[in-house]
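**Student:** Just dropping this structure here.
The values are calculated or read from the model by the stated rules, or taken from the named source; none is laboratory data. Worth saying up front: this structure is predicted, and the values here are computed from it rather than measured. Cβ atoms come from the backbone with ideal geometry, glycine included; neighbour counts cover every protein chain shown. The protein model used for the area step is the full one, side chains on, heavy atoms only, and it has no ligands, DNA or RNA in it. Shrake-Rupley method; radii C 1.70, N 1.55, O 1.52, S 1.80 Å.
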Amino acid sequence: MRISSALLQGYAPLPGATDELVGLDGEMRPHWRQLIDGLSALGGEELHRLEATALRMVRDNGITYNVYGDPDGRARPWELDIAPLAIDPAEWRTLEAGLIQRAQLLDRIAADIYGEQTLFKSGELPAALVAASPQFLRPFRGAQAAGGAYLHLYAADLGRLPDGRWAVLADRAEAPAGAGYALENRIIISQMLPELFRDCRVERLAAFFSGFREKLFQLTGVQHPVAVLLTPGPLNEAYFEHAYLARYLGFTLVEGDDLTVRDRHVYLKTLSGAKKVDLILRRQDSDFCDPLELRSDSALGVPGLTEAVRAGNVVVANALGSGVVETRAMMPFLPGLARRLLGEDLKLPSVETYWCGDPRQRDAVEGARKRLAIAEIGRFAPLMRNGRAVGRPAEAGMFEDRLRLQGARYWAEAPGRLSSTPVEERGRLEPRAVTLRCFVALTPDGYRAMPGGLARVAERAGAAASMQAISLQSGAVSKDVWVLSDGEVSPFSLLKPRETRLEPRRTQDDIASRAADNLFWLGRYTERAEDFVRTLRALFTRLGEVSGFAGDASAADAAIRLLVPMEQISKSAAEMAAGGEFVQLVTEMHSLVYEPKNAHGLQPLLKSTARAAWRVRDRLSADAWRALNGLTVPERKGEPDAVLSFARGDLDELIRTMAAFAGLANENMTRGAGWLFLDVGRRIERAVNTTWLIEAMLAEGGDGPEDESPDNLALTLDIADSFMTYRARYMGVFETAPVIDLLVLDETNPRSIAHQIATLKARAAALPRATPAQSRGRDKEIVEAMHGRLRTIDARALTDIDAKGGRPALRTLIGLIQDRLGDLSNEYSESYFRLVGRRVAGAAPRHRPIAVADAANAAKAD
């Protein structure tokens, strides 16, 4: 290849495959020239830096793709290559026509399968093929899809074969994924390469999504429809995309628990009661959508949804059961069906595919099985490849018998080799195998193809260039797809003003009960984590003898009071520290901070916080999400002295990040129900934490009301973030009564119990009161009673000690507040979150549960 660019030195297409950059003549394809020149002008070092910046944006924005079967349940950061895949304008027009035709064809086939079934009667589509598909849903036989459309969004996985043709590797008609990732890829790459993006005249994507949304709204027949995006939940591989698309399209992100069916209508469970739903954009498989009539073991669906759909009371996109047309066994019949239903030849061919229920096709499979992959209908993983049973070589002969006797259940394909495309690797471009996922949406003007798509390239050089080797689950890397224009590019934006202007409104967001519940627990988990971090930081500081108020003995005493009761450290380690031996204590505290598998430690608590945030991803701003993404600690190992030094710095950084999130939530969130419950959760948790701190450090008392150790008082103030306030008031003289007054009774101190109760009183007054349970105002009664009680107490009365050296009045007050806070949490669960169903256990809570409902909810957030 005679190309002077240093980026392409040594670049050679993969053996036996075509290349997107290099033509069959060995020269660069003309439409790549401007893009390669622009990348070369940047230079390899700058290009590599830009890719690192793009990946940092991916991490900051929380763009993930979950990996099924990951032993740690981690959400893997999205992989994105800086070099786009360029498509020639003329070639795109050919692809576009083929994609639109294919969407039309599959939509017609689905309509016939669930309608008149003329294709079965004529023999042009074998009924046995459809019957063998688990995606054929018999309850929808005879049901009319909304507007007559089954496919509202369609995707096709494409590959360029060695002869240079694009072919369809797989049709995606059930709940096609990837459009949101393609949009996010575009946003990031266009920011990294703005001048090149403009100069190459790349087609925009916004009009595609606008037309898709407009058509969905038209199908409802409602002027202002209530639209939701139904997701399986945070454990789904593409949950980020679900949250992203919901926000981009303006839909409410919901799980099955958020919806209910009454009188054959679908309703969204909100804080103010049930709200009728007009449109469901589903991102889960059809058979999981209704446990009553479809898959009975589904915990993700909406009981009764099937009946609501048959009654025509809700639009579901794609139509339930539409996945039947994505079975690959149907591909051999598509050319004939295109001529039968559309009167046209199929414009976009399929990869070589066979249905083993047809005797002639089965004979062809048996004759060529050494180059084919054979799988069961409804499954992609092959049972036999290259003539051998996958994973079970001894069963090859038995499988051949099944193929002859039950051929209708199986399909086969010739994997073939795919083309390669340039990928940035350490400042140079090298070829990797590539597949392209393209999208087609139903719009008011008919089907329209997205001028772009989601490209996936093999994770490493030399990987087998077949579709099976290019999977996001196995580590494939994504690329932006630039469809180049030979004319001016439309500047359309989804934010472009409409002809009909919107009327300003200030009504509060009526959020789903589940979202309010998760925001409540996000507030609790962030506050719980902050309290734990402050406790650990104070102890590490004193162990390092940085504080002028405490030495090692006070740190050991505090550890016995604060950490031993929760079994976070062993009693023996604390007792050894009290005797002057601190190695074991420091080792166990290191585990609390840095050991992910320590059930009592910090990292499980941070993961629970992240999971709670993940469930309300669509309700958090980008800045708030970046702050929450920063709630991590690095891996640290070493000697005790080094551990002390690192730990203090790492904990300081966590405190700053938590303060950033709290500030963003307080300053940037509108004062709707979502913000109210986030703050209510924070206030309840902060009050609980402070009561527990007071109980552990002050309630047991000493020999007299003013005999509490100044070291313990200083440590208590430090953990409660009130040390500076106390010192300014009392000039560094430490006594028990002023400390209790500041931390328990002083409403002007934002860290005090009294301030949390006063704030909870204000929040209770602002909460919606739409249902009978909410109108009773039991929560208001609870906080008003606590507020009134605190205002009548004198701090000196709380310092009185009994014969055993304890402070009974303080202990009684603390116990009362803990009980009432438990009652308050229970009341919110009953009156506002009661409609929320299934809960998945999270990390064990650090603090003692203060009520039954609180104990159940404390582990929630997965």
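**Student:** Among the residues of region 751-780, what is the count of those that are without any contact (Cβ under 8 Å) to a residue 40 or more places away in the chain, over 28 Å from A659 (Cα atoms) and surrounded by 14 or more Cβ atoms within 10 Å (Cβ to Cβ)?
**Tutor:** 3
**Student:** Another question, if that's okay. Can you confirm whether G250 is at positive phi and surrounded by fewer than 24 Cβ atoms within 10 Å (Cβ to Cβ)?
**Tutor:** yes
Residue-wise test of (1) within 26 Å of Q406 (Cβ to Cβ); (2) touching a helix residue (DSSP H, G or I) at 6+ places or on another chain (Cβ under 9 Å).
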residue: P134; (1), (2): yes, yes
residue: F140; (1), (2): yes, yes
residue: A146; (1), (2): no, yes
residue: L151; (1), (2): no, yes
residue: Y154; (1), (2): no, yes
residue: G159; (1), (2): no, yes
residue: D163; (1), (2): no, no
residue: V168; (1), (2): no, yes
residue: A173; (1), (2): yes, yes
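**Student:** Related question: Taking region 182-199 as the search range and keeping residues that are in contact with a strand residue (DSSP E or B) (Cβ under 6 Å, 6 or more places away or on another chain), open to solvent by less than 10 Å² (accessible area, probe 1.4 Å) and not small (G, A, S), which one is farthest from A243 (Cα to Cα)?
**Tutor:** The extreme case among them is I189.
**Student:** Here is a follow-up. Within region 637-654, identify whether any single residue is closer than 24 Å to P234 by Cβ, assigned to a helix (DSSP H, G or I), open to solvent by less than 40 Å² (accessible area, probe 1.4 Å) and modelled with pLDDT of 85 or more, and answer yes or no.
**Tutor:** Yes, region 637-654 has at least one match.
**Student:** Okay, next question. Would you please name the residue that is nearest to E195 (Cα to Cα), looking only at residues in region 1-35 that are at pLDDT below 85 and among the polar types (S, T, N, Q)?
**Tutor:** S5
**Student:** Can you name the residue in region 281-339 that is free of Cβ contacts under 8 Å to residues at least 60 places away in the same chain and acidic (D, E) and, of all such residues, is least open to solvent (accessible area, probe 1.4 Å)?
**Tutor:** Per the criteria, the residue is D290.
**Student:** Further question: Being in a helix (DSSP H, G or I) and surrounded by 15 or more Cβ atoms within 10 Å (Cβ to Cβ) is the filter here; which residues of region 347-365 pass it?
**Tutor:** Once the filter is applied, which keeps residues that are in a helix (DSSP H, G or I) and surrounded by 15 or more Cβ atoms within 10 Å (Cβ to Cβ), region 347-365 yields Q361, R362, A364, V365.
**Student:** Could you tell me which numbered condition R213 fails, if it satisfies all but one of (1) part of a loop (DSSP other than H, G, I, E, B); (2) modelled with pLDDT of 95 or more?
**Tutor:** (1)
**Student:** Inside region 798-811, can you point out the residues that are surrounded by 14 or more Cβ atoms within 10 Å (Cβ to Cβ) and of a type in the set (A, V, I, L, M)?
**Tutor:** Residues satisfying the conditions are L798, I801, A809, L810.
**Student:** Do we find that I36 is closer than 30 Å to D623 by Cα, open to solvent by less than 20 Å² (accessible area, probe 1.4 Å) and not acidic (D, E) in this structure?
**Tutor:** Against the criterion (closer than 30 Å to D623 by Cα, open to solvent by less than 20 Å² (accessible area, probe 1.4 Å) and not acidic (D, E)), I36 does not qualify.
**Student:** Can you list residue pairs whose Cβ atoms sit under 7 Å apart, with the first residue in region 367-396 being closer than 26 Å to R172 by Cβ and at pLDDT 75 or above and the second being open to solvent by 60 Å² or more (accessible area, probe 1.4 Å) and of a type outside the set (D, E, K, R)? Count only pairs 6 or more apart in sequence or on different chains.
**Tutor:** Sorted first by the residue in region 367-396, then by its partner, the pairs are R371/N386; A375/A381; G378/P134.
**Student:** In addition: Is it the case that E344 is open to solvent by 40 Å² or more (accessible area, probe 1.4 Å) and assigned to a helix (DSSP H, G or I)?
**Tutor:** no
**Student:** For V309, indicate whether it is under 21 Å from P134 (Cα atoms), touching a Phe, Trp or Tyr at 6+ places or on another chain (Cβ under 6 Å) and outside any loop (DSSP other than H, G, I, E, B).
**Tutor:** Against the criterion (under 21 Å from P134 (Cα atoms), touching a Phe, Trp or Tyr at 6+ places or on another chain (Cβ under 6 Å) and outside any loop (DSSP other than H, G, I, E, B)), V309 does not qualify.
**Student:** Quick check on my filter: what residues within region 18-67 are of a type in the set (A, V, I, L, M, F, W, C) and within 30 Å of Y244 (Cα to Cα)?
**Tutor:** L35, L39, L47, L50, A52, A54, L55, M57, V58, I63, V67
**Student:** Next question, about the same structure. Go through region 416-439 and count every residue that is open to solvent by 30 Å² or more (accessible area, probe 1.4 Å) and assigned to a loop (DSSP other than H, G, I, E, B).
**Tutor:** Of the residues in that region, 3 qualify.
**Student:** Could I ask something else about it? Among (1) at pLDDT below 90; (2) of a type in the set (V, I, T); (3) open to solvent by less than 50 Å² (accessible area, probe 1.4 Å), where does I814 come up short?
**Tutor:** All conditions pass for I814, except number (1).
**Student:** Name the residues in region 152-203 that are among the basic types (K, R) and part of a helix (DSSP H, G or I), would you?
**Tutor:** Across region 152-203, the qualifying residues are R186, R198.
**Student:** Filter region 554-578 down to residues that are open to solvent by 70 Å² or more (accessible area, probe 1.4 Å) and over 21 Å from N689 (Cβ atoms) and give me whichever is modelled with the lowest pLDDT.
**Tutor:** The residue in question is E575.
**Student:** In addition: Using the structure shown, decide if L235 is modelled with pLDDT under 95 and open to solvent by less than 30 Å² (accessible area, probe 1.4 Å).
**Tutor:** When the stated conditions are applied, L235 does not pass them.
**Student:** Taking L620 as meeting all but one of (1) under 30 Å from D510 (Cβ atoms); (2) open to solvent by 30 Å² or more (accessible area, probe 1.4 Å); (3) aliphatic (A, V, I, L, M), write down the number of the exception.
**Tutor:** Of the numbered conditions (1) under 30 Å from D510 (Cβ atoms); (2) open to solvent by 30 Å² or more (accessible area, probe 1.4 Å); (3) aliphatic (A, V, I, L, M), the odd one out for L620 is (2).
Okay, residues lined up against (1) open to solvent by less than 40 Å² (accessible area, probe 1.4 Å); (2) at negative phi; (3) in contact with a strand residue (DSSP E or B) (Cβ under 6 Å, 6 or more places away or on another chain):
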site: L105; (1), (2), (3): yes, yes, no
site: G123; (1), (2), (3): no, no, no
site: A131; (1), (2), (3): no, yes, no
site: L151; (1), (2), (3): yes, yes, no
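**Student:** Output the number of the condition that A612 fails; it satisfies all remaining conditions of (1) at pLDDT 85 or above; (2) surrounded by fewer than 22 Cβ atoms within 10 Å (Cβ to Cβ).
**Tutor:** Condition not satisfied by A612: (2).
**Student:** Still on this model: If a residue must be over 17 Å from V783 (Cα atoms) and either in contact (Cβ under 8 Å) with a residue 60 or more places away in the chain or outside any loop (DSSP other than H, G, I, E, B) (or both), how many such residues does region 735-750 contain?
**Tutor:** Within region 735-750, residues that are over 17 Å from V783 (Cα atoms) and either in contact (Cβ under 8 Å) with a residue 60 or more places away in the chain or outside any loop (DSSP other than H, G, I, E, B) (or both) number 8.
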